[in-house]
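The values are calculated or read from the model by the stated rules, or taken from the named source; none is laboratory data. Nothing here was measured: the structure is a model prediction, and the numbers come from that model. All Cβ positions, even for glycine, are placed from backbone atoms using ideal geometry, and neighbour counts span all protein chains on display.
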Amino acid sequence: MADINTAPFSWWLESVIGDVYNIEPACIAMEMRDKEGRVYTSYWQMDENDRACIIDALKEDGFMDFLRNNKEVIMQIINGEEGDEDGLCEADPETDSEG
């Protein structure tokens, strides 16, 4: 196995593991996407209700990121200003589950 300390995400993983110890979770989910766009999931003691809550949180995070990344264009549309609706950031078709 490779040395995890040399991975570009090692600082993040160390922080998350610290949260795991501090929070004392009842269940854990881990989601990953590889370079080809395949998604991997791993769960510890999660039932279908827990996974539904995780899905809701991920959707909300994505929606809020979309709003933040497109706030100028959205405000132009709301205010009826001349703007380019095509200027909205599009979803990555390789990771967009609906694309």
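For the reader, a short list of remarks on this structure follows.
- Within region 35-57, tally of residues that are assigned to a strand (DSSP E or B) and among the polar types (S, T, N, Q): 2
- In region 42-85, residue nearest to ALA29 (Cα to Cα) [restricted to those that are modelled with pLDDT under 85, in contact with a helix residue (DSSP H, G or I) (Cβ under 9 Å, 6 or more places away or on another chain) and loosely packed, with under 11 Cβ neighbours inside 10 Å]: GLU85
- Residue within region 20-34 that is surrounded by fewer than 10 Cβ atoms within 10 Å (Cβ to Cβ), assigned to a helix (DSSP H, G or I), among the β-branched types (Val, Ile, Thr) and modelled with pLDDT of 90 or more present: yes
- When region 5-35 is filtered for residues that are touching a Ser or Thr at 6+ places or on another chain (Cβ under 9 Å) and free of Cβ contacts under 8 Å to residues at least 60 places away in the same chain, the ones remaining, listed by number, are ILE28, ALA29, MET30, GLU31, MET32.
- Among the residues making up region 1-54, a single one is among the small types (Gly, Ala, Ser) and in contact with a Lys or Arg (Cβ under 9 Å, 6 or more places away or on another chain): ALA29.
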